[in-house]
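Colleague: Below are the structure tokens for one structure; questions will follow.
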Amino acid sequence: MESTSTVLRQLRGAQKPAKGVSLYSRYVNRPAGRVFAVGAYRLGMTPNQVTLLSAVFTFGALAGVALVRPGPWPALLVYLGLAVGFALDSADGQLARLTGRGGPDGEWLDHVVDCAKMVLVHTAVLVSFQRWFALPGDGWLLLPLGFLFVAVLTFCAGLLRDQLGKAAAAPAPAAPPSRLRAVALLPADYGVFCLVFLLLGDETAFRVGYAVLAAVHALFLVLFLGKWFRELKALRAH
């Protein structure tokens, strides 16, 4: 079997384009995913098995949010579970490109897990608010529902934009990635979102951090919807 360093070099050459990717995903999550992909490769795991392992870490962490009283140690464990799950979510695609074992079933499974993660993370926060938090008012229970709406709409609209864009556009050379854009996208990165769970041991800090991220994601949704609509409308003229 090839050495770990050799596999790592091969994986570095099998990355998705960096365009439209935040600094966290580019310099933290993808490199962490490479390490997990190497481990999975050496264990003989398939990309789909890595996807399911990602789901185990993510859903286990979210169960902790909903079922365990918040505190510093649960907060740390929840964050680690979400962060590892996110890195494994990158590892499955890297492993698929390395081994050539990717396919429509793997892409479908990956999207199903992503969609479930998106729904469950905000549902878990809602349950935690209801069970454990001394909220200033019941209106705070609407916050996770609003964040969930924003997350699902962003996910579905972005997915449709990609699919409709691929069907209508002719292949074009990829533009070089913008560092400024990579910095600007940090607040919308799931890995950065996971960091807020480190505040779970302090009710006020978590509520404020979660609310700020919800507002930022809502702003990004408005910007993305306008951008995607203009891009698809431009394709109609070709």
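Colleague: So which aspartates and glutamates pass the test for residue 227, namely a Cα distance under 14 Å, with those fewer than 8 places away in the same chain ruled out?
Modeller: Correct list for residue 227: 162.
Colleague: Counting only the heavy atoms of the protein chains, how much of residue 35 is accessible to a 1.4 Å probe, in Å² to the nearest 10?
Modeller: My reading of the accessible area for residue 35 is about 90 Å².
Colleague: Of all the accessible heavy-atom surface of the chain, with the other protein chains kept in place and a 1.4 Å probe, what percent is carbon and sulfur?
Modeller: Details: 8790 of 12710 Å².
That share works out to 69 percent.
Colleague: Of the peptides 210-219, 91-100, 190-199, how do they stack up when ordered by the mean number of other Cβ atoms within 10 Å, highest first? Spell out each step's value before the answer.
Modeller: Details: 210-219: 16.6, 91-100: 22.3, 190-199: 20.4.
With the highest mean Cβ count within 10 Å placed first, the list reads 91-100, 190-199, 210-219.
Colleague: In terms of solvent-accessible area of protein heavy atoms at a 1.4 angstrom probe, what is the ranking of 38, 68, highest value first? Spell out each step's value before the answer.
Modeller: Numbers: 38 10, 68 70 Å².
If we order 38, 68 from most to least accessible, we get 68, 38.
Colleague: At 0.36 nm per residue, minus the direct Cα-Cα distance, what do residue 135 and residue 46 gain on full extension? Give it in nm, one decimal, please. Write out the running numbers ahead of the final one.
Modeller: Numbers: separation 89, 0.36 × 89 = 32.04 nm, distance 4.44 nm.
So the extension gain works out to 27.6 nm.
Colleague: Determine the calculated [θ] at 222 nm for the chain from helices alone, applying -39500 (n - 2.57) to every DSSP H run no shorter than 4 residues and normalising by the residue count; nearest 500 deg cm²/dmol. Present the calculation step by step, with values, prior to reporting the outcome.
Modeller: Details: 9 runs with 174 residues, N = 238.
Only helices count here, giving -25000 deg cm²/dmol.
Colleague: Please label the shape of the stretch 186-228 as rounded, prolate or oblate, based on the square roots a ≥ b ≥ c of the eigenvalues of the alpha-carbon gyration tensor (a/c under 1.5 means rounded; beyond that, a/b larger than b/c means prolate, else oblate).
Modeller: Values: a/c = 5.38, a/b = 2.24, b/c = 2.40.
Cα axes put the stretch 186-228 in the oblate bin.
Colleague: Calculate, for residue 195 and residue 164, the FRET efficiency according to 1/(1 + (r/R0)^6) with r their C-beta to C-beta distance and R0 25 Å; round to the nearest 0.05.
Modeller: Details: r = 33 Å, r/R0 = 1.31.
That gives a FRET efficiency of 0.15.
Colleague: Please report, ordered by residue number, every helix of the chain (full DSSP H runs) that is 15 Å or longer along its axis going by C-alpha atoms and whose mean Kyte-Doolittle hydropathy reaches 0.5. Kindly include the intermediate steps, with their values, before the conclusion.
Modeller: Values: long enough: 30-43 (19 Å, 0.23); 47-67 (30 Å, 1.38); 72-99 (40 Å, 0.85); 104-132 (41 Å, 0.34); 142-168 (38 Å, 1.41); 203-236 (49 Å, 0.89).
What comes out of the filter, once short or polar helices are dropped, is 47-67, 72-99, 142-168, 203-236.
Colleague: By the gyration tensor of its Cα atoms, with a ≥ b ≥ c the square roots of the eigenvalues, what is the shape of the stretch 106-238: rounded for a/c under 1.5, prolate for a/b over b/c, or oblate?
Modeller: On the way: a/c = 2.35, a/b = 2.08, b/c = 1.13.
Cα axes put the stretch 106-238 in the prolate bin.
Colleague: Using a/c under 1.5 as the rounded threshold, could you call the chain rounded, prolate or oblate? The axes a ≥ b ≥ c are square roots of the C-alpha gyration tensor eigenvalues, and prolate needs a/b larger than b/c, oblate otherwise. Can you show the working numbers first?
Modeller: Values: a/c = 2.01, a/b = 1.22, b/c = 1.64.
It is oblate, given that a/c is not under 1.5 and a/b is not larger than b/c.
Colleague: Ok, one more. Run the quick spin-label model on residue 156 and residue 112: label points 7 Å from Cα toward the beta carbon, then report their separation in nm to one decimal.
Modeller: Result: 1.9 nm between the two label points.
The values are calculated or read from the model by the stated rules, or taken from the named source; none is laboratory data. Everything quoted here is computed from the prediction, not taken from an experiment. With ideal geometry, Cβ positions are generated from the backbone for all residues, glycine too; neighbour counts draw on all protein chains shown. Each accessible area value is taken on the protein alone, full model and side chains, heavy atoms only, with ligands, DNA and RNA left out. Shrake-Rupley method; radii C 1.70, N 1.55, O 1.52, S 1.80 Å.
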